Structure formats: C-alpha cells, structure tokens
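Colleague: I have a structure I would like to understand better, so I am pasting it below and will then ask my questions one at a time.
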Amino acid sequence: MFRTLTIAAIMLAGTSIALPAFAVDENNISIGITAAGAPLGLHGVDPVAFIQTGNPVEGTATHTSVHDGVAYYFASDANKTAFESDIAAYLPQNGGFCTFGVSVGKKFDGDPSYAAVIDDKLYVFLNQAVFDAFNKDRSGTISKAATNWKDIRSTAVADL
C-alpha cells in the first residue's frame, strides 16, 4: 500500500502544473485543471447566460475562455464571444468567492446555485443560509465586500 501511494505521489509531483498565484488567491476555482490548462471558475456555469437570464446555465468545455489563469465555460460560442469582448462586465464579483464571506473578511466558496444579479453584476454565495443573510442587507453587504475585497484580494484563503 505504501509503495502504491509513494508511486502515485511521485507521478502527481512530476505532472503538476504551476498555477499563477493570482489564479489561486484572487479567484474561486475548482480543484483540477481543465483541458484549456487552467482551473475552472464559477463551477462551470456560464457567466454571460447567468447575467442575461438571472439563472445558472451550465457551460461546456467546447466553449472555453481563459482569463487571468481561470477557465470559464459557456453554453454557446456567442456567449464566449460576448465574454471576451467585455470581460469585466461578466466576471463574478469578488473573484467568484462568496460575497457575504468577503463582506466579513473571508473567502468562502461561491456556489452559483445561490446567487444574485444586481445592477448587471453577478454575486455568488456559500449556501442558502448565507444567501438569506445577504438578502436582509444587500447593499450593505455588497458595500462591505467591495471595501474588504481591496484588502484581501491577493491574500491566500488559509491566511484569512
């Protein structure tokens, strides 16, 4: 058993891909690498379709765009093109981390199942309870998150 684990560890070490620090620290990414060579952002949900419809729409690897070391999936080539034409308009806020978490100085997973599109910006949250807490003071939470994001953006999750 030990030999098998050691061989597996050596194989993984030999094939590891170095990720840019900003991809790991500034963006909420899935573990692993996509075929595009970058970790997946927004749990594979199409950010363009989400902002347009207000609902999570799964993207596919067929329509992938990489921005700042993060791969985003899209439901169509048209959505991929829209994203690439105005990236800032479609990126999830706070690097895709939970907006409520950022408002309290933490980087929690942002699950697109719990999200809101406000003023054409996508905000994601950890779970239903956190989303409900956000809904009690949307503008206050967004404001606190925007202020905190400036300070914690490049800070590793483990350091918060």
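Colleague: F100 - would you say it is among the aromatic types (F, W, Y) and within 12 Å of the chain's Cα centre (by Cα)?
Modeller: no
Colleague: A further question on this structure: So S30 clears everything in (1) hydroxyl-bearing (S, T, Y); (2) surrounded by fewer than 21 Cβ atoms within 10 Å (Cβ to Cβ); (3) touching a Gly at 6+ places or on another chain (Cβ under 9 Å); (4) in contact (Cβ under 8 Å) with a residue 24 or more places away in the chain except one condition, right? Which one?
Modeller: Unmet for S30, out of (1) hydroxyl-bearing (S, T, Y); (2) surrounded by fewer than 21 Cβ atoms within 10 Å (Cβ to Cβ); (3) touching a Gly at 6+ places or on another chain (Cβ under 9 Å); (4) in contact (Cβ under 8 Å) with a residue 24 or more places away in the chain: (4).
Colleague: Now, a different point. Which of the helices (runs of 4 or more DSSP H) found entirely inside the range 1-64 contain at least 1 residues meeting this: under 17 Å from G110 (Cα atoms) and at pLDDT 50 or above?
Modeller: 21-26, 47-53
Colleague: Quick one: how many residues across the range 116-130 are outside any loop (DSSP other than H, G, I, E, B), more than 20 Å from E26 (Cα to Cα) and in contact with a Cys (Cβ under 9 Å, 6 or more places away or on another chain)?
Modeller: Summing the residues that are outside any loop (DSSP other than H, G, I, E, B), more than 20 Å from E26 (Cα to Cα) and in contact with a Cys (Cβ under 9 Å, 6 or more places away or on another chain) in the range 116-130 gives 1.
Colleague: Report yes if some residue within the range 106-115 is part of a helix (DSSP H, G or I), at pLDDT 95 or above, at negative phi and of a type outside the set (K, R); otherwise report no.
Modeller: Checking the range 106-115: not a single residue is part of a helix (DSSP H, G or I), at pLDDT 95 or above, at negative phi and of a type outside the set (K, R).
Colleague: I need the full set of residues from the range 144-160 which are in a helix (DSSP H, G or I), open to solvent by less than 70 Å² (accessible area, probe 1.4 Å) and more than 18 Å from Y114 (Cβ to Cβ), in order please.
Modeller: Listed by number, the residues that qualify are A146, N148, W149, I152.
Colleague: Scan the range 68-85 and report the pairs whose first residue is under 12 Å from P47 (Cα atoms) and whose second residue is in a loop (DSSP other than H, G, I, E, B) and among the acidic types (D, E), with Cβ atoms within less than 7 Å and a gap of 6+ or a chain change.
Modeller: Matching pairs, first to second residue: Y73/D46; F74/D46; A75/D46; N79/D46.
Colleague: Name the residues in the range 83-102 that are closer than 19 Å to N148 by Cβ and touching a Phe, Trp or Tyr at 6+ places or on another chain (Cβ under 8 Å), would you?
Modeller: Hits for the range 83-102 are P92, Q93, N94, G95, F97, C98, T99, F100, G101, V102.
Colleague: Let me ask you something else. Within the range 96-113, which residues are surrounded by fewer than 23 Cβ atoms within 10 Å (Cβ to Cβ), within 22 Å of A71 (Cβ to Cβ) and out of contact with any Pro (no Cβ under 6 Å at 6 or more places or on another chain)?
Modeller: Hits for the range 96-113 are F108, D109, D111, S113.
Colleague: Sort out which residues of the range 53-86 are more than 14 Å from the chain's Cα centre (by Cα), surrounded by 13 or more Cβ atoms within 10 Å (Cβ to Cβ) and β-branched (V, I, T), and write them in order of number.
Modeller: Residues satisfying the conditions are V57, T64, T81.
The values are calculated or read from the model by the stated rules, or taken from the named source; none is laboratory data. Predicted model only: the values in this text are computed from it and were never measured. Methodologically, a virtual Cβ is constructed for each residue, glycine included, from the backbone with ideal geometry; neighbour enumeration extends over all protein chains shown. Ligands, DNA and RNA are stripped out before the accessible areas are found, and what is left, the full protein with its side chains, is counted by its heavy atoms. Shrake-Rupley method; radii C 1.70, N 1.55, O 1.52, S 1.80 Å.
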